[in-house]
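Take a look at the structure set out below.
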Amino acid sequence: MGKLKAALVLLAIFSHQANADCGCNKLERDATVAETVVEEPAQQVCQQQARNKNKHYRDYYPEETEEEMEGMSLIPGGSHHVGTNEPHFKADQESPERLVKLNDFFLDKYEVSNANFAEFVEATNYTTEAERFGDSFIFKTLLRPEQQAELEDYRVANAVWWYKVSGVNWRHPNGIDSNLDGLEQHPVVHVSWRDAVAYCDWAGKRLPSEAEWEVACRGGKQRKLFPWGNKLMPKDKHWLNIWQGEFPDGNTQEDGYQFTCPVDRFRQNNYDLYNIVGNVWEWTSDLWQAGDTGQSPNRVKKGGSYLCHKSYCYRYRCAARSQNTEDSSAGNLGFRCAKNA
């Protein structure tokens, strides 16, 4: 009887870990906020090669395009495997693995930064959806204890570490009293899918498809978990900005960052892409549900963020995926642009 009880306890623990979530996919404009206090669950490269050593990549990177496509990498097309036959989150539709055919395309080496987005806004006088709605979602550790108490009723149900806060937007990313000083080269956040599309249009680019994003993430490798390979910390070094420690209160910042990091901090694969996983989620052009004609359908986002950890949100794998509605915005959600070759 004692052995049976112990087995049931272990099963409950593993079941919790398999279904645990940081709640990033619940940050929707019409998301229900918590009316009462909800008990928080107890949740707890191979060596990179320089681009000039990667002949396959060099062959696809003609000299005449480098100046025109400054800040972008050419991703070779062809047949590539995407998805996985060993899904970690079955509900996310990570499986099955499938073969896709793509044309060559360009992808930004870096996530769009606050400085990039500010240039766009200055040129177009654009107003983001978070600015129009008057609020956006930020993580609890960006709020002082007294602020958390005041905003208790504005937490997201089932993800009570997320707060919908008035006055938060891309200009004030970490709270109403925050600004962009020192964050110019950090990724722009609190941008909806529609905001990202508007920026891409202005820049003469577009959002990548999910398949394009995933192929670029894999860096020319097949069936690897991460852009650099299968080991999270080759040579015991941090290769991405994610959560270390106990979620949602104990980020030990072993990778050097409590929140976002500069867009040029972690070079992750032979396509010269930085922060393609970790740091902030990235919008793609794909619908989560094909044929969705709703007013604000869900769109696929990829890459995970600084809030991810294997114990509850193992979504910084290339095959991992999640979704938010087109009008959603949050402090860990950004984007990068693509362009036809």
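The values are calculated or read from the model by the stated rules, or taken from the named source; none is laboratory data. The shown structure was predicted, so the numbers you read here are calculated from the model rather than taken from an experiment. Glycine gets a Cβ as well: all are built from the backbone with ideal geometry, and neighbour counts include every protein chain shown.
Selection within the range 216-251: residues that are polar (S, T, N, Q) and not in a strand (DSSP E or B). The member of this set that is farthest from PRO262 (Cα to Cα) is GLN222. When you look at ASP327, is it closer than 25 Å to GLY175 by Cβ, acidic (Asp, Glu) and in a loop (DSSP other than H, G, I, E, B), yes or no? Yes. Between LEU273, LEU287, the distinction of being under 20 Å from ARG317 (Cα atoms) and crowded, with 20+ Cβ neighbours inside 10 Å belongs to LEU273 only. Does GLY204 count as touching a helix residue (DSSP H, G or I) at 6+ places or on another chain (Cβ under 9 Å), within 23 Å of SER73 (Cβ to Cβ) and part of a loop (DSSP other than H, G, I, E, B)? The answer is no for GLY204. Of the set (1) assigned to a strand (DSSP E or B); (2) farther than 28 Å from TYR257 by Cβ; (3) small (Gly, Ala, Ser), all apply to SER73 but (2).
Just to be sure, is SER305 assigned to a loop (DSSP other than H, G, I, E, B), out of contact with any Pro (no Cβ under 9 Å at 6 or more places or on another chain) and modelled with pLDDT of 95 or more? The answer is yes for SER305.
Close Cβ contacts (under 7 Å, 6 or more residues apart or on different chains) running from residues in the range 66-90 that are within 19 Å of GLU111 (Cα to Cα) to residues that are modelled with pLDDT of 95 or more and surrounded by fewer than 16 Cβ atoms within 10 Å (Cβ to Cβ) comprise LEU74/ASP104; ILE75/ASP104.
Only one of the listed residues (GLY167, GLY182, GLY219, GLY175) is surrounded by fewer than 19 Cβ atoms within 10 Å (Cβ to Cβ) and within 26 Å of ASP272 (Cβ to Cβ). That residue is GLY182. Does the range 287-303 contain at least one residue that is under 14 Å from the mean Cα position of the chain (by Cα) and hydroxyl-bearing (Ser, Thr, Tyr)? No, the range 287-303 contains no residue that is under 14 Å from the mean Cα position of the chain (by Cα) and hydroxyl-bearing (Ser, Thr, Tyr). Is there a residue in the range 195-204 that is touching a His at 6+ places or on another chain (Cβ under 6 Å) and buried (at least 17 other Cβ atoms within 10 Å of the Cβ)? No, there is no match, as no residue in the range 195-204 is touching a His at 6+ places or on another chain (Cβ under 6 Å) and buried (at least 17 other Cβ atoms within 10 Å of the Cβ). Can you tell me which condition TYR316 does not meet? The list is (1) in a strand (DSSP E or B); (2) buried (at least 24 other Cβ atoms within 10 Å of the Cβ), and all the others hold. Only one criterion in (1) in a strand (DSSP E or B); (2) buried (at least 24 other Cβ atoms within 10 Å of the Cβ) is unmet by TYR316, namely (1).
For the range 89-108, taking the residues that are buried (at least 17 other Cβ atoms within 10 Å of the Cβ) and among the acidic types (Asp, Glu), the one that is farthest from CYS24 (Cα to Cα) is identified as ASP108. Is it the case that ARG144 is among the basic types (Lys, Arg) and either surrounded by 15 or more Cβ atoms within 10 Å (Cβ to Cβ) or under 21 Å from VAL197 (Cα atoms) (or both)? When the stated conditions are applied, ARG144 does not pass them. Sub-8 Å Cβ pairs linking a first residue in the range 204-222 that is on the phi > 0 side of the Ramachandran plot to a second residue that is crowded, with 21+ Cβ neighbours inside 10 Å and assigned to a helix (DSSP H, G or I), at least 6 apart or interchain, are GLY220/TYR57, ordered by first then second residue.
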